[in-house]
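The values are calculated or read from the model by the stated rules, or taken from the named source; none is laboratory data. Given the structure is predicted, the values throughout are model-derived calculations rather than measurements. Cβ sites come from the backbone with ideal geometry, for glycine too, and all protein chains shown count toward neighbours. Just so you know, the surface numbers come from the protein's heavy atoms only, side chains and all, with ligands and any DNA or RNA stripped out. Shrake-Rupley method; radii C 1.70, N 1.55, O 1.52, S 1.80 Å.
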Amino acid sequence: MPITPDCSSGADALETELISAADACAGHTQRGELVVGNHRLFWLQSDPATGTNGLWQLTGNGPGPVTVPGLAIRSRINGYGGGAVTASADGVFVVSEDQQIHLVDPERCCSRPITRRQAAAYGGLVADPIRHRVLAVRDVGGAQQLVAIDLNGRLDVLHAGQDFYGAPAISGDGTRLAWVTWQLPDMPWLRSELWLGDIGAAGTLTAARPLRAPAEGSVQQPVFDDNRLWVLSDHDGWWQPWRLDCRGGTTQWCSAGAPERDHANAPWQLGECHHCPLPGGGWARVHYQSGTAELWLVRPDGTRTRAAPTFTDFRHLRAVGQRVVCIARSSTRLDAVLGIDVASGEARLLAGGEPAMASGQPALPLDFDVPALSPGQLPLHGFFYRPEARSGHRPPLILVAHGGPTSAAYPVFNPQVQYWCQRGFAVAEVNYRGSSGYGRRFRLALEGRWGEADVDDLERTADYLSCLGLVDPRQVCVQGRSSGGYTALMALIRSRRFAAGASLYGVTDPLRLRAMTHRFESGYLDWLLGSPEQFPERWHARTPRHHADRIGAPVIFFQGGLDNVVVPDQTRAMVSALKAAGRPVELHWFDDEGHGFRRPASQAGMLEWLYRFYRRHCAKFNERAPDLS
């Protein structure tokens, strides 16, 4: 829905029951990692009370948990996980919290470990049903391998020698294997390579060879349509589907003729699936249009039908029988397991998809587009959430910089956004330069310009929304998580226009982080800022800790003591620098939280502290504010 100056608010304050901070964080069930095994559906579902993931299945009696006492599921490979579950007739393979692979019997609700190697992490699980084993990416001793593990725990290394591996794909007849690799210092969305190998009778991998794209780019999500290999590649400017014809020692890359849109997002996690072949021919494919995902059914004759248009993001596409199943999200419902009939395109809820709010209607995301007004600028897109009506007042604005930074904001339900809107704040989520979903050129526009281009884009957004009369320009707050926290701090350094700022486990000293961060992102900062040896002045200029005295607005910080991505020293050092400069600062510390708070009590406490902080520093924004805490 596009934004207009006179667009009405999402919900009437008198009819909507206010969401408390505890409710905003406690009731948000998430679903993901949908897989099909032995014609049955399995997925991971979060328990909001504990923050852990459990295994669920769809049976003739409907959806229900596969309750295995003591088994919580989460891959930690590369720090972000992914591919923690796969299934076959042998059972369901999962990665447990202690990073071992377990084989779950969904009928008896029991499991047994098939790996016991300590100090290892697994992800990108794929079943090999012909050989009764599971394929996985293993990280051990600072190196990764593609491995196969049978039901008795025997492990064979299929391929090694590359710095990082993506989740593999196995052909329909079980004779070929495809996978993606990338090398330091690259991230997988910058440069990566597709590989293909043959699987012999004994299950070993032979004739492994790279299949290089026609131009430099990023490849992801290889998949076989029976025995034909497809992959998403952005070497032509967008992550689009390509078919590979490998004959006589040569490889031809054949375009599917898909629209010039990204057909996937940045691969932070293993095991994503935004395209799958349909029974009887054709494809189900996702592409992103102005930040919103669209699901399309592509027939063998090339005709296309959009499915489930009321949903705005789709993940983990699978074909089963005569339908496509996926995880679908929207701005008005919780995560859903959705089934789409291939013949009719009709969508049906199989699990989840509950109304997002118990009463009233949520504030809906309104598209906005900030035009490029000067050379070097690119048009910007984002989502604006209008607060409940406040007669005679333009509302304060919370400007949100998403994390990553190679990620994106999506128009899906976020209970914390609703919390702010009910309390009189507008919220704008900005897909600044460097965000995914807008093509390779836009995604790479942040190279060497982190802390500059993204900050410019936040300021452009604040100016644009203010000029439309949608927000009070004197009461703009800026906040972000992780890398978004860095962007927020740099915005506070660059400009005095912001009333307050918040850093949620954000980066404050890139050079120190470079020496301490985990292996997956060890080369990322050099791409974002350039080599520190070659550009020392740039690194100094874009280190918030060195410029604490230039921050005029009050800042609040939140940090987990167990964070191994943005290590806790980052926040400690910045808070100390602000105190030394005599600047107003608050710090809230959570000893038992990591990168991204998982416990509902921690999340709720953060929201309450943020609300009190913003209310205090956006004085006079709302006479009703004391009644809404």
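One line per residue, one yes/no per condition, for (1) over 22 Å from residue 265 (Cα atoms); (2) out of contact with any strand residue (DSSP E or B) (no Cβ under 6 Å at 6 or more places or on another chain); (3) modelled with pLDDT of 95 or more; (4) among the aromatic types (Phe, Trp, Tyr):
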| residue | (1), (2), (3), (4) |
| --- | --- |
| 434 | no, yes, yes, no |
| 439 | no, yes, yes, no |
| 444 | no, yes, yes, no |
| 461 | yes, no, yes, no |
| 464 | yes, no, yes, yes |
| 474 | yes, yes, no, no |
Residue under evaluation residue 563, criteria (1) within 27 Å of the chain's Cα centre (by Cα); (2) acidic (Asp, Glu); (3) open to solvent by 20 Å² or more (accessible area, probe 1.4 Å), criterion not met: (3)
Filter pass, residue 181 being within 28 Å of residue 247 (Cβ to Cβ), open to solvent by 40 Å² or more (accessible area, probe 1.4 Å) and of a type in the set (Ser, Thr, Tyr): no
Residue that is nearest to the chain's Cα centre (by Cα) [pool: residues in the stretch 286-307 that are open to solvent by 10 Å² or more (accessible area, probe 1.4 Å) and within 18 Å of residue 348 (Cα to Cα)]: 294
Selection count, the stretch 239-268, where residues are surrounded by fewer than 20 Cβ atoms within 10 Å (Cβ to Cβ) and touching a helix residue (DSSP H, G or I) at 6+ places or on another chain (Cβ under 8 Å): 0
Selection within the stretch 429-446 - out of contact with any helix residue (DSSP H, G or I) (no Cβ under 6 Å at 6 or more places or on another chain) and either acidic (Asp, Glu) or not in a loop (DSSP other than H, G, I, E, B) (or both): 429, 431, 440, 441, 442, 443, 444, 445
The stretch 169-178, subset open to solvent by 10 Å² or more (accessible area, probe 1.4 Å) and part of a loop (DSSP other than H, G, I, E, B), residue modelled with the highest pLDDT: 175
Qualifying position, being under 26 Å from the mean Cα position of the chain (by Cα) and small (Gly, Ala, Ser), among 169, 160: 169
Cross-chain or 6+ apart pairs with Cβ under 6 Å, the stretch 185-202 first and within 18 Å of residue 220 (Cα to Cα), then in a loop (DSSP other than H, G, I, E, B): 185/523; 188/267; 189/218; 189/266; 189/406; 192/218
Conditions (1) in a strand (DSSP E or B); (2) within 30 Å of residue 525 (Cβ to Cβ); (3) open to solvent by 40 Å² or more (accessible area, probe 1.4 Å): number failed by residue 191: (1)
Of the criteria (1) within 30 Å of residue 20 (Cα to Cα); (2) at pLDDT 95 or above; (3) of a type outside the set (Phe, Trp, Tyr); (4) in contact with a Ser or Thr (Cβ under 8 Å, 6 or more places away or on another chain), which one residue 422 fails: (2)
Looking only at the stretch 38-67, and only at residues there that are among the small types (Gly, Ala, Ser) and touching a residue at least 12 places away in the same chain (Cβ under 8 Å), the one that is most open to solvent (accessible area, probe 1.4 Å): 49
Candidates 583, 598, 545 - the one that is among the charged types (D, E, K, R) and part of a helix (DSSP H, G or I): 545
Within the stretch 262-293, tally of residues that are free of Cβ contacts under 8 Å to residues at least 60 places away in the same chain and under 12 Å from residue 232 (Cα atoms): 9
Count of the stretch 77-91 residues which are in a loop (DSSP other than H, G, I, E, B) and buried (at least 20 other Cβ atoms within 10 Å of the Cβ): 4
Members of the stretch 200-221 found to be β-branched (Val, Ile, Thr) and surrounded by 14 or more Cβ atoms within 10 Å (Cβ to Cβ), listed by number: 219
Output for the stretch 464-475, where each listed residue is in a loop (DSSP other than H, G, I, E, B) and either within 23 Å of residue 416 (Cβ to Cβ) or without any contact (Cβ under 8 Å) to a residue 12 or more places away in the chain (or both): 470, 471, 472, 475
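Quick one: which helices (runs of 4 or more DSSP H) lie wholly within the stretch 476-541 and hold at least 2 residues that are crowded, with 24+ Cβ neighbours inside 10 Å and among the polar types (S, T, N, Q)?
It comes to 483-494.
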Out of 137, 147, 92, 85, sole residue that is hydrophobic (A, V, I, L, M, F, W, C), under 26 Å from residue 274 (Cβ atoms) and touching a helix residue (DSSP H, G or I) at 6+ places or on another chain (Cβ under 7 Å): 137
The stretch 222-238, subset without any contact (Cβ under 8 Å) to a residue 40 or more places away in the chain and not basic (Lys, Arg), residue most open to solvent (accessible area, probe 1.4 Å): 236
